[in-house]
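Remarks on the structure that follows.
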Amino acid sequence: AQKVTQAQTEISVVEKEDVTLDCVYETRDTTYYLFWYKQPPSGELVFLIRRNSFDEQNEISGRYSWNFQKSTSSFNFTITASQVVDSAVYFCALGNYQLIWGAGTKLIIKP
Amino acid sequence: DVKVTQSSRYLVKRTGEKVFLECVQDMDHENMFWYRQDPGLGLRLIYFSYDVKMKEKGDIPEGYSVSREKKERFSLILESASTNQTSMYLCASSPAGGRTEAFFGQGTRLTVV
């Protein structure tokens, strides 16, 4: 069975703190894809990153970074020096034929 | 700028009404999806379509049907709306199913009273 677990339902931090959102997945496929999406209060999901199962290189994009570890089936997302505009619900998803979604983590950044 | 457009941002319908939610994409994508989003449950797939007139049931198809007569348009139909279908409905499109980035519409918040 395929599954994505985002154990953190809600995280609240003060602006400028670093924060890590956890994502653990289960799949028997050897080829698969992992995604992170952001859903701001406006409601529209915005794509952040896609990794395939053969590429375990970590990725950094500005204040965002992603740590993909096949050994622990995790694809964690870190925001460095968080800002109020980062407040949103973040979803992790596992894809191949279909996308399997985690339940989401609501991130609140307080000024 | 690529776009997925849902016909309504907010809808209020009465129990028993037939409800149409429309979604249009301008990216020539083969795949289109309808999701339902409820708090704590993430996104749940209702139906998807991988080609014109082709459709497959997702995880929660009961009470819903879909129509894809043209490549760019994917409609979700609630045959007889019920209060437990009050939810946020999200349409998405992608060029290759779950292997590529999906593009989402702004969502339709449906309330059935």
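The values are calculated or read from the model by the stated rules, or taken from the named source; none is laboratory data. Worth saying up front: this structure is predicted, and the values here are computed from it rather than measured. Cβ sites come from the backbone with ideal geometry, for glycine too, and all protein chains shown count toward neighbours.
I need the full set of residues from the stretch A:53-111 which are surrounded by fewer than 19 Cβ atoms within 10 Å (Cβ to Cβ), of a type in the set (A, V, I, L, M, F, W, C) and outside any loop (DSSP other than H, G, I, E, B), in order please. Answer for the stretch A:53-111, where residues must be surrounded by fewer than 19 Cβ atoms within 10 Å (Cβ to Cβ), of a type in the set (A, V, I, L, M, F, W, C) and outside any loop (DSSP other than H, G, I, E, B): A:I60, A:V84, A:V85, A:I108.
Residues of the stretch A:15-45 being under 20 Å from A:V84 (Cβ atoms) and within 12 Å of the chain's Cα centre (by Cα), which ones? A:V19, A:T20, A:L21, A:W36, A:Y37, A:K38, A:Q39, listed by residue number.
Just the residues that are crowded, with 18+ Cβ neighbours inside 10 Å, within 14 Å of chain A (Cβ to nearest Cβ) and more than 19 Å from A:G95 (Cα to Cα), please, taken from the stretch B:57-104. Within the stretch B:57-104, B:S87, B:Y89 qualify. Screening the candidates A:V19, A:V14 for the property of being among the β-branched types (V, I, T) and buried (at least 16 other Cβ atoms within 10 Å of the Cβ) yields one hit, A:V19.
Of A:Q57, A:Q69, A:Q2, which residue is among the polar types (S, T, N, Q), at negative phi and within 14 Å of another protein chain (Cβ to nearest Cβ)? Spell out the reasoning first.
Details: A:Q57 fails: within 14 Å of another protein chain (Cβ to nearest Cβ); A:Q69 fails: within 14 Å of another protein chain (Cβ to nearest Cβ).
Being among the polar types (S, T, N, Q), at negative phi and within 14 Å of another protein chain (Cβ to nearest Cβ) holds for just one of A:Q57, A:Q69, A:Q2, which is A:Q2.
Yes or no, residue by residue, for (1) within 14 Å of chain A (Cβ to nearest Cβ); (2) farther than 16 Å from B:T108 by Cα; (3) surrounded by fewer than 14 Cβ atoms within 10 Å (Cβ to Cβ):
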{"site": "B:D28", "(1), (2), (3)": "no, yes, yes"}
{"site": "B:W34", "(1), (2), (3)": "yes, no, no"}
{"site": "B:Q37", "(1), (2), (3)": "yes, no, no"}
{"site": "B:F48", "(1), (2), (3)": "yes, yes, no"}
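Would you mind stating whether B:R9 is within 10 Å of chain A (Cβ to nearest Cβ), more than 11 Å from the chain's Cα centre (by Cα), more than 30 Å from A:F54 (Cβ to Cβ) and modelled with pLDDT of 95 or more? Taking the combined requirement at face value, the residue does not satisfy it.
Of the conditions (1) acidic (D, E); (2) more than 15 Å from the chain's Cα centre (by Cα); (3) modelled with pLDDT under 95, B:E17 satisfies every one except a single condition; which number is it? Unmet condition: (3).
Of all residues being in contact (Cβ under 8 Å) with a residue 40 or more places away in the chain and of a type in the set (F, W, Y) in the stretch A:10-53, which is farthest from the other protein chains (Cβ to nearest Cβ)? Just the residue, please. That would be A:Y25. Residue count for the stretch B:47-66, restricted to those that are at pLDDT 95 or above, touching a Lys or Arg at 6+ places or on another chain (Cβ under 9 Å) and more than 15 Å from A:Y97 (Cα to Cα): 4.
Taken together, the criteria place B:V24 among residues that are surrounded by 15 or more Cβ atoms within 10 Å (Cβ to Cβ) and away from chain A (no Cβ under 14 Å).
Among the residues of this structure, A:F47 does not count as one that is at pLDDT 95 or above, part of a strand (DSSP E or B) and under 23 Å from B:T100 (Cβ atoms). Within the stretch A:30-42, is there a residue that is at pLDDT below 95, farther than 24 Å from B:W34 by Cβ and exposed (fewer than 13 other Cβ atoms within 10 Å of the Cβ)? Yes, the conditions are met somewhere in the stretch A:30-42.
So, of the residues in the stretch A:54-111 that are touching a Gly at 6+ places or on another chain (Cβ under 9 Å) and of a type in the set (S, T, Y), which turns out to be nearest to A:D22 (Cα to Cα)?
Filtering the stretch A:54-111 down to residues touching a Gly at 6+ places or on another chain (Cβ under 9 Å) leaves A:80, A:89-104.
Subsequent filtering for residues that are of a type in the set (S, T, Y) retains A:80, A:90, A:97.
Numbers: A:T80: 15, A:Y90: 10, A:Y97: 23 Å.
Checking each candidate, the answer is A:Y90.
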